[in-house]
Structure formats: structure tokens, C-alpha cells
Amino acid sequence: MRIDILTLFPEMFDGVLNQSIIKRAREKGHVEINVINFRTFADNKHQKVDDTPYGGGAGMVLTIQPLVSCLESIPNFKSATKILTTPSGHTYNQNKAKSLSEKKHLIIICGHYEGIDERILNYIDEEISIGDYVLTGGEIAALAIIDSVIRLIPNVINKESITEESFSDNLLEYPQYTKPYEYKGLKVPDVLISGNHEEIRKFRRFEALKKTYFRRPDLLEKAKLNNEDINFLNKIKNE
Ligand code: ADE
């Protein structure tokens, strides 16, 4: 996969894209990432990229020319999936991460200031918000998208961690424990050291359902539940 990021603040990406799993994915050639400062594409003397809004109002609006010139400089930009990060986009989730992870080429434009000249929408495929809150700019949103997409690219992380994790089947993940068995009087649930795999499976399923029921009942409506799950849920409701 290739990812091009269009931003006015390329340094914001340095740390995150050069650490841990993303760093390794880049080194192994699973993903190529280019961070481009679209200011360098401004065709005016002072490399100005914003202006006052038509119709009046507070703040500055990003102009369309530097962004479009930057887009057009990217090889095969027409066939890439072009994304704009904006609080007014569709809310991002794990399904969207999965579908983006299957693309060959993503271009992410990081919005800023009061927004971008609306005509940019003629050049992009998707507007994405990472949640109902306002960030100072689209960079952190772009990073969240990139991080969640890269880890789903085949062979970037092991397959089991992905199939068992939160949201993969619309359930939150069951609780995990590791050594020591007892810490300051807090013990690991006995079933986990019982060696009984069927009981461990049931415990984990029950706990995943319980967490989802109390924290994210909206997810449960989309989850595929079998008879055992429904019995577990009835128990949880009556507890
Ligand atoms: N830019 C500012 N806030 C944002 C958000 N919540 N999601 C995506 N881009 C943003």
C-alpha cells in the first residue's frame, strides 16, 4: 500500500510513523508513506495557503489551488482513494479501517483552520471524522486512520490478534491477565488457571458480552449472537 499525506505540519508525523509496528511495516515494504507539505505547491510569492471566507465571518479558509496542484503531482492520484479529515465527515470505525486496508493507494488531506474551500470536494472520495469532538487540525485524525489501517494490512501483525480483538465481531474484548497470579491481594480469576479450555472459552465470551452490554449496548444490536450468547445475556441482565 502507498499512503500520501497532504499537510501543512509534516513534523507532526515524524514520531508516530517512525516507531514500533508502523516503522516495521514501512521497513518491510508493507506500506510506503509520503508526507507532503502542500504549502510548497502554492503558486504565489509568499506561499500563502489560506484566505478570508467569501460572505464574511471569522478565521481563514484553506485555498484550493495548493491542494489540487499537490494532488496532481502524485503519481496515479486519480485512481487513489482520496480522503479529507474533517469533523463534519462520516464517523470512522473498524469496518471503515478494514475497507481502507484493502486499498492500494490512499491520499489523506489534513484539513485546518476554519476549513477548506468547499470545491475541494470535487477532488476527494470520502470525508472522515474520527469522532464528535473538534481537533486543532486533521493531522491527529489522519494518524489515527493510518495507524488503524496499517495494522490490518496482511502480515503486519499476527492474524489472531486481529480476529480476537474489540469490534472485530461487534463485541468488546474480554479481559486479559498475566503474571503474577496475585498482586497486592488482587487475584486472577481461577478459571483461567484451570486448564479447562471450554470453561475458559465460556468465561471469555461471557465477559465480552457483559462488557459490551454495559458499555456499548449499541454494538450488541449488530453482533451475531448464538443461543449460548442469548442465555449469557439473560443471565447478565438478571445479575
Ligand atoms: N479535524 C478536526 N477535528 C476532526 C475530527 N474530529 N475528525 C477528523 N478531522 C478533524
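The values are calculated or read from the model by the stated rules, or taken from the named source; none is laboratory data. Everything numeric here is computed off the predicted structure, so don't read it as measured data. Every residue, glycine as well, gets a Cβ built from its backbone with ideal geometry; the counts of neighbours run over all protein chains shown. The accessibility values were calculated without ligands, DNA or RNA, using every heavy atom of the protein model including side chains. Shrake-Rupley method; radii C 1.70, N 1.55, O 1.52, S 1.80 Å.
Among 228-236, 61-69, the peptide with the highest mean count of other Cβ atoms within 10 Å heads the list, and the full ranking is 61-69, 228-236. The residues of the stretch 13-98 expose on average 59 square angstrom of accessible surface per residue, using a 1.4 Å probe on protein heavy atoms. Summarising the amide proton neighbourhood of Gly115: residues at separation of 5 or more, or on other chains, whose placed amide H is nearer than 5 Å comprise Leu62. Evaluate E = 1/(1 + (r/R0)^6) for Ser69 and Ile236, where r is the Cβ-Cβ distance and R0 equals 45 Å; express this FRET efficiency to the nearest 0.05. Calculated value: 0.20. Amide H contacts for Asp50 (H built 1.01 Å from N in the peptide plane; partners 5 or more residues away or on another chain; cut-off under 5 Å): Thr63. The C-alpha atoms of the chain define a longest principal axis, and helix 139-150 lies at about 50 degrees to it.
What is the local net charge at Tyr113, summed over the other residues whose Cβ is closer than 15 Å to its Cβ (Lys, Arg +1; Asp, Glu -1)? Can you show the working numbers first?
Values: positive: Arg39, Lys48; negative: Asp50, Asp51, Glu114, Asp117, Glu118, Glu139.
Result for the local shell: -4.
For the residue pairs Lys179/Lys202; Lys28/Lys48; Lys23/Lys48, alpha carbon separations beyond 26 Å are given by Lys28/Lys48; Lys23/Lys48. May I ask for the Rg/Rh ratio of the chain, computed from Cα atoms with Rh as the Kirkwood radius, given to two decimals? My calculation puts Rg/Rh at 1.08. If the Kirkwood radius is taken over C-alpha pairs of the stretch 89-227, then at 25 °C and 0.890 mPa s the Stokes-Einstein diffusion coefficient equals 134 µm²/s. From most to least packed by mean Cβ count within 10 Å, the peptides 39-47, 114-122 give 114-122, 39-47. Note on the chain: with neighbouring protein chains present and a 1.4 Å probe, carbon and sulfur make up 50 percent of its accessible heavy-atom surface. Taking all C-alpha pairs of the stretch 164-238, those more than 22 Å from each other amount to 28 percent.
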